[in-house]
Amino acid sequence: MSEPLRDSEGARASLPVTFGRFTIALAADAALWLPSYAGSMFRGAFGHALQRVVCATRTYDCAPCLLRDRCVYPYVFETPPPEGTRVMRKYPAAPHPFVLQPPAGGRTLAPGEAFELGLTLFGRALRWLPHFIFTVERMGRVGFGSRRVSASVLHADGWLDGRACRIYSAEDRTLAATEACTQAAYLPPRPQIGGADHPPDGRIAVEIVTPLRVKYEERLATSLEFHILVRALLRRIAHLAYFHCDGDPSGMAFREWIDLAHAVRVASSTLTWYDWTRYSQRQQETMQLGGLVGRVVFEGPVGPFLPLLRLGEVTHVGKATGFGLGRYRVLDPHAE
C-alpha cells in the first residue's frame, strides 16, 4: 500500500486522521470453510463477542443503559452523532471507527492452519485495542461458521511503514506499548496543484478488491466516474476526522476538490458488479451488499488527488466498510 500523506507543516490547516493498523493471527482447531467473502462471518462474530466482553450489566441492551455514553460497544457499533453536531445531523449514527479485513475466502483451512484478521482503528477507538484483542480471543472460543469451529489467537502485530511489530503474544498474554504503531495522516484543505510530488497530469489505476458501494444522486453507482469516487472519499474521511479524530472539516474546500475531479476521465475499466448477500442475525433479515470490483484507470490531473487516494486505502470507502467492503489499491497503470 502506498503511504498516506504526512504533512507536519500543514497539519493545522489539514484534516487529521489518526489510525493504527493491526493483524491478529489465529489458528483453526478443525477444518474451517471460509466463504468467498468472509467479511460477514467475522464482522457478525466481532460485534456479538465485543458486546459480551464489555457489557457491565449483562443485559446486552444499550438503549436504556446508564453506562451507554461510557461504553466501548455503542461507541464502536452504534456511534451516535453527539448533540449539537454540525455534521451528519440527519443520520442516526456516525461512521464506525474501525475497518475489518477478513482473510481471503473461498477455501478450507486445515486444522492448525494459521490465518490473519486485519483490524484498522481510528482516533479514540485506538484506546480500546486491548478490548478488541480480547474480543477476537472470545470469537475464537465461540467458533466460526455454522459448525462453530473454534480457533486460537497466536499473536497480534502492529504495522508501520510496511513493517510488522509484535505487540501481543498468546504465550505471555502481555500487550506491548502501541504508540509507535499509531499514525497520523493529513488531508490538505484543497488540492495541491504542481510540484514533483503532484504532477498535474497523468494516469493512475485503482484496483477495487472488495465490493464498493457508493451512492451518487441517491442511487448506488454501477460505474465509477472519478468525481463519484472523490465525493465518497471526502465524505468518508471528513466524517472519520470529525467524529473520531477531533478534526474540523469546516475549512475544507470540498467544492475545489470536486470541480477538479470532474477534469479526470476514465481511460479504461474492467469493473463488474459482485453480488453479495448476507443474513443479519441481529436484524433477522437478508441484506444485499453487492458492489463494484475490478480495475479502473483514470487519466487527467490525478496528481493532486494522491493524498486523498492514499488515505482512502487505509479508511476504505463507501458503505459497509466495517465488513471490509470498499477496499482498494492504487497501482501503476502500466503494471500487469
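The values are calculated or read from the model by the stated rules, or taken from the named source; none is laboratory data. The model shown is predicted, which means the values in this text are computed figures rather than measured ones. Please note: Cβ atoms are built from the backbone with ideal geometry, for glycine as well, and neighbour counts cover all protein chains shown.
Scan the range 205-226 and give yes if some residue there is closer than 19 Å to F98 by Cα and touching a Ser or Thr at 6+ places or on another chain (Cβ under 9 Å), otherwise no.
no
Return only the number of the condition from (1) within 24 Å of R329 (Cβ to Cβ); (2) touching a strand residue (DSSP E or B) at 6+ places or on another chain (Cβ under 8 Å); (3) modelled with pLDDT under 90 that T174 does not satisfy.
Just one mismatch for T174, condition (1).
When you check R190 against the structure, is it surrounded by 12 or more Cβ atoms within 10 Å (Cβ to Cβ) and in a loop (DSSP other than H, G, I, E, B), yes or no?
So R190 passes the test.
Let me spell it out: the conditions are (1) assigned by TED's automatic domain parsing to the domain that holds F243; (2) of a type outside the set (K, R); (3) farther than 30 Å from V230 by Cβ, and G202 meets all of them except one. Which number is the exception?
Just one mismatch for G202, condition (3).
So for the range 116-127 (the condition being surrounded by fewer than 17 Cβ atoms within 10 Å (Cβ to Cβ), of a type in the set (G, A, S) and farther than 20 Å from A170 by Cα), does at least one residue qualify?
no
Name the strands (runs of 3 or more DSSP E) wholly within the range 200-295 that hold at least 1 residues that are in contact with a Leu (Cβ under 8 Å, 6 or more places away or on another chain) and either at pLDDT 95 or above or farther than 30 Å from A49 by Cβ (or both)?
By residue number, 202-212, 265-269, 272-274.
Could you tell me whether the range 253-266 includes any residue that is closer than 24 Å to T79 by Cβ and either outside the structural domain of L100 (by TED's automatic domain parsing) or among the β-branched types (V, I, T) (or both)?
Checked against the condition, which is being closer than 24 Å to T79 by Cβ and either outside the structural domain of L100 (by TED's automatic domain parsing) or among the β-branched types (V, I, T) (or both), the range 253-266 yields at least one hit.
Quick grid of which residues meet (1) in contact with a Leu (Cβ under 7 Å, 6 or more places away or on another chain); (2) β-branched (V, I, T):
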site: A94; (1), (2): no, no
site: R107; (1), (2): yes, no
site: W128; (1), (2): no, no
site: T174; (1), (2): no, yes
site: A184; (1), (2): no, no
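Check whether at least one residue in the range 137-160 is acidic (D, E) and surrounded by fewer than 14 Cβ atoms within 10 Å (Cβ to Cβ), and report yes or no.
No.
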